[in-house]
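The values are calculated or read from the model by the stated rules, or taken from the named source; none is laboratory data. As the structure is a computational prediction, the values presented were derived from the model and not from experiment. Glycine also receives a Cβ, built like all others from the backbone with ideal geometry; neighbour counts cover every protein chain displayed. Ligands, DNA and RNA are stripped out before the accessible areas are found, and what is left, the full protein with its side chains, is counted by its heavy atoms. Shrake-Rupley method; radii C 1.70, N 1.55, O 1.52, S 1.80 Å.
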Amino acid sequence: MVKHNNVIPNIHCHKKYCESSRGPLKVRLTLNQAGKKKSRRLARAAKAAAIAPRPLKLLRPAVHCQTQRYSAKVRLGKGFTIEELKAAGLTARYARTVGIAVDHRRTNKSAESLAANVARLEEYKSKLIVFPKKRLSKVKNGDSSAEECKAATQFVGTVLPLAKASNEIVMADVPSQEVSAFTQMRVARKETKVAGFRVSVANREEK
């Protein structure tokens, strides 16, 4: 008989790990994990070679995480807003051709995030090397010089990764105080403990 307010027993002891006359295999196995890992690595390498010297990844914006609990954390988002691209002097159509991710759904809620991502775009533009549409065509407005195109190499990894905030406390930044708050609290706590004893001693001396 079931006692107390416990979970109702509902265990499943009929999983079939082998193909048999009882039915098909009901447990999914991942025995191809190692082979798939190699396949993905080779596919990434083939894609990088096909689009060289373009970087394999796109430039992503810096966004804040959702909800009050994680809103202080900054991570890479899906794409830049139309407003951010416009402030940086770019169009969404051109940005997609030079390795910049665009997200037409995202909107800017603060001037700080807009300014931070515009600065990110400006930094990317300063390091960008734009090849002409045809290799042997003349250099047009907006294209990089022939020397820069010749010296260009394919960038590997995350494009403009976010700098991690340092958690170390620099003692030079901590203001020095003549009176320690900890010492004051410790002395006050001790005085409170012995206040009654001192009153009783003073009363005895008066008598």
- Note on the structure: Surpassing 23 Å at the alpha-carbon level, of the pairs LYS38/LYS133; LYS86/LYS150; LYS73/LYS127; LYS86/LYS109, are LYS38/LYS133; LYS86/LYS150; LYS73/LYS127
- Query: Between GLU191 and LYS86, how many nm apart are label points set 7 Å from Cα along the C-beta direction?
  - Reply: 6.4 nm
- Query: Of PRO55, PRO175, PRO132, which has the largest mean-square fluctuation in a 10 Å C-alpha GNM of the chain?
  - Reply: PRO175
- Give the relative contact order (percent, whole number) for the chain; include only Cα pairs under 8 Å separated by 6+ residues. 16 percent
- Message: Could you work out what % of the accessible surface of the chain is carbon and sulfur, using a 1.4 angstrom probe and leaving DNA, RNA and ligands out of the count?
- Response: 57 percent
- Note on the structure: Which of ALA181, ALA43, ALA87 fluctuates most in a GNM of the chain (C-alpha springs under 10 Å)? That residue is ALA181
- Which residue, VAL194, VAL118, VAL130, has the most motion in a Gaussian network model of the chain that connects Cα atoms within less than 10 Å? VAL194
- Message: Kirkwood Rh and Cα-based Rg: tell me the resulting Rg over Rh for the chain, rounded to two decimals.
- Response: 1.30
- Could you name the aspartates and glutamates in cross-link range of LYS164, using Cα to Cα under 17 Å and dropping any fewer than eight places away on the same chain? none
- Message: Helix-only estimate, please: 222 nm mean residue ellipticity of the chain, summing -39500 (n - 2.57) across DSSP H runs of length 4 or more and dividing by its residues, to the nearest 500.
- Response: -12500 deg cm²/dmol
- Item | Pairwise FRET efficiency - LYS133 versus ALA172, Cβ, R0 = 45 Å, nearest 0.05 | 0.25
- Message: Please compute the contact order of the stretch 99-207 in relative form: average sequence separation of alpha-carbon pairs under 8 Å and at least six residues apart, divided by the residue count, as a percent.
- Response: 13 percent
- Item | Stokes-Einstein D (µm²/s) once Rh is taken as the Kirkwood radius of the stretch 130-203 over alpha-carbon pairs, at 4 °C in 1.567 mPa s | 63 µm²/s
- Starting from the stretch 99-207, pick out the GluC sites (Glu not before Pro) whose DSSP state is loop and whose Cβ has at most 11 other Cβ atoms within 10 Å. GLU168, GLU178
- Message: With θ taken as phi - 60° and the coefficients 6.51, -1.76 and 1.60, list the Karplus ³J(HN,Hα) couplings across the stretch 145-151 in order, rounded to whole Hz; mark glycine and proline as x.
- Response: 6, 5, 5, 5, 5, 6, 8
- Note on the structure: Computed about the Cα centre, the charge dipole of the chain from +1 Lys/Arg and -1 Asp/Glu charges at the Cβ has a magnitude in debye, to the nearest 20, of 1680 debye
- Proximal aspartates and glutamates to LYS125, defined as alpha-carbon separation beneath 18 angstrom and excluding residues fewer than eight positions away on the same chain: GLU83, GLU84, ASP143, GLU147, GLU148
- Item | Set of lysines with alpha-carbon distance to LYS207 below 27 Å, sequence-local pairs under 8 removed | LYS190, LYS193
